Amino acid sequence: MPSSNKRLYLLFGFFVVVLSITGYLGFQYFSQGPVDLSAVTSKFKAATDTKPAPSSESSSKPVKNIGSGEQTFQFSHGPKVTGPKPQQVSLNPIDPQQGQPITITLVLKNDSPITKADTVIHTDNDTQNQAMKLIEGDKTNGTWQLETKIKDTYLHTYKIYFDLQSTTGNYNSGLTLRQ
């Protein structure tokens, strides 16, 4: 092997060794010593839990801001979706205090009459399931509404789902405002 290739291989080998040592030392420095896999696993699990562990600080602060006042959301559906199709939902207000009223208004379209229109509200420690009333239009193209009170806090969990049924299909989904 020519002398220049030999030098190149030696130089390359030297850089690989230096890079490996630097990587190892950097890992030790940034990880604060040897890695305890059980600690990493528990930290990962705690960080990915859907509900934070109760503590005096986390239980009194919401996990994310959802806004205030009346909020309106638009829905869209692909051409192959069958059954009830929500078009729009309004929450007034989106952020009622515990025990205060909220009005949920849902605009629906369907190719057959709606046979069931329920609202399911999931909060931190409660689930409310209540029937909506048709206030405008008809059961194939109408506006449905529910006036209720939020009975529980919703600092960590706040989901408003719709259980809609008709002879051509069902719909069971909605809004996840906090999870």
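All of the numbers you see were taken from the coordinates with simple rules; none came from a lab. Since we're looking at a predicted model, the values are computed, not measured. Positions of Cβ are generated from backbone atoms using ideal geometry, with glycine treated the same way; all protein chains shown enter the neighbour counts.
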For residue 65, the net charge from surrounding residues (Cβ-Cβ under 10 Å; K, R +1; D, E -1) works out to +1
Under the rule rounded for a/c under 1.5, else prolate if a/b exceeds b/c, else oblate, using alpha carbon gyration tensor axes a ≥ b ≥ c, the stretch 71-178 is classed as prolate
Here the net charge surrounding residue 113, from other residues whose Cβ is less than 13 Å away from its Cβ (Lys, Arg +1; Asp, Glu -1), is +1
Charge tally for neighbours of residue 169 with beta carbon under 15 Å away, counting Lys, Arg as +1 and Asp, Glu as -1, is +3
Taking 124, 163 and counting other beta carbon atoms within 10 angstrom, the fewest-first order is 124, 163
